[in-house]
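Structure, as structure tokens:
The values are calculated or read from the model by the stated rules, or taken from the named source; none is laboratory data. Keep in mind that this is a model prediction, so the values were computed, not measured. Cβ placement follows ideal geometry from the backbone for every residue including glycine, while neighbour counts extend to all protein chains displayed.
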Amino acid sequence: MSQKTHVKHRETARIMLVDEKNRIFLLKTHFDPEVGLPPRWLTPGGGIDSGETTLEAAVRELREETGMRVNPEELGEPALVSSGRWDWTDGMSYHTYTDTIYELRVQNFDPDTSGFTQDELRDILEYRWWTIQELMESDEQLAPHELREWLRARYQA
């Protein structure tokens, strides 16, 4: 049996937006085309640029993907840091990730997508507010892998 190839490691900074009804705002996005996996739902956020802290990246990504502007001090410490692995559909490749997720309480809003980058225009398929119950009952794929269980523990304990 041949050994799988580790193609890349991706560090991201993300923000879990929770509205007044404890609903979670998620984006449905494509993986990079070469990965071959189906889309998944995740929190706003993305890759950390050279020289950025996770906090700076989270603030920037939130502005790009929702139009929201927040001060870094509003985010505090990360609520979840998750690392994992995605096996590509070619059966030979995989990539790893570390997602640093901050949590922010907000009023329900419709995002301003005018700040989307070219990649976001290509990759973001839809967005919506989810109740925890909807997420628990859904068979939709979430990222990171442990997000569903983390949400269950945090909001339904």
Quick check on my filter: what residues within region 81-101 are of a type in the set (A, V, I, L, M), farther than 12 Å from His145 by Cα and within 16 Å of the chain's Cα centre (by Cα)?
Ile101
Scanning region 34-84 for residues that are at pLDDT 95 or above, over 25 Å from Tyr155 (Cα atoms) and in contact with a Phe, Trp or Tyr (Cβ under 7 Å, 6 or more places away or on another chain) gives none
Quick one: would you say Glu103 is of a type outside the set (Val, Ile, Thr), in a strand (DSSP E or B) and exposed (fewer than 12 other Cβ atoms within 10 Å of the Cβ)?
no
Could you please find all residues in region 29-57 being within 20 Å of Glu73 (Cα to Cα) and either aliphatic (A, V, I, L, M) or outside any strand (DSSP E or B) (or both)?
Thr43, Pro44, Ile48, Asp49, Gly51, Glu52, Thr53, Thr54, Leu55, Glu56, Ala57
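When you check Val106 against the structure, is it farther than 24 Å from His145 by Cβ, aliphatic (A, V, I, L, M) and in contact (Cβ under 8 Å) with a residue 12 or more places away in the chain, yes or no?
Details: farther than 24 Å from His145 by Cβ: yes; aliphatic (A, V, I, L, M): yes; in contact (Cβ under 8 Å) with a residue 12 or more places away in the chain: yes.
Considered against the rule, which asks whether it is farther than 24 Å from His145 by Cβ, aliphatic (A, V, I, L, M) and in contact (Cβ under 8 Å) with a residue 12 or more places away in the chain, Val106 comes out as yes.
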I'm trying to understand the selection: among the residues of region 1-23, which are surrounded by 13 or more Cβ atoms within 10 Å (Cβ to Cβ), over 15 Å from the mean Cα position of the chain (by Cα) and among the acidic types (Asp, Glu)?
Asp19
Cβ pairs under 9 Å, 6+ apart, first in region 53-67 and in contact (Cβ under 8 Å) with a residue 12 or more places away in the chain, second surrounded by 22 or more Cβ atoms within 10 Å (Cβ to Cβ) and assigned to a loop (DSSP other than H, G, I, E, B)
Ala58/Pro44; Glu61/Pro44; Leu62/Pro44; Glu64/Pro44; Glu65/Pro44; Thr66/Pro44
Identity of the residue in region 69-91, aliphatic (A, V, I, L, M) and buried (at least 18 other Cβ atoms within 10 Å of the Cβ), that ends up farthest from Thr5 (Cα to Cα):
Leu75
Mind counting the residues in region 34-60 that are over 17 Å from Leu80 (Cα atoms) and either buried (at least 22 other Cβ atoms within 10 Å of the Cβ) or touching a helix residue (DSSP H, G or I) at 6+ places or on another chain (Cβ under 9 Å) (or both)?
3
Under 6 Å by Cβ, and 6 or more places apart or on different chains, what pairs join a residue from region 146-157 that is surrounded by 15 or more Cβ atoms within 10 Å (Cβ to Cβ) with one that is not in a helix (DSSP H, G or I)?
Glu146/Ser82; Arg148/Leu142; Trp150/Leu80; Tyr155/Asn22
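Using the structure shown, decide if Leu26 is outside any helix (DSSP H, G or I), surrounded by fewer than 18 Cβ atoms within 10 Å (Cβ to Cβ), in contact with a Phe, Trp or Tyr (Cβ under 6 Å, 6 or more places away or on another chain) and in contact (Cβ under 8 Å) with a residue 24 or more places away in the chain.
Answer is no for this residue.
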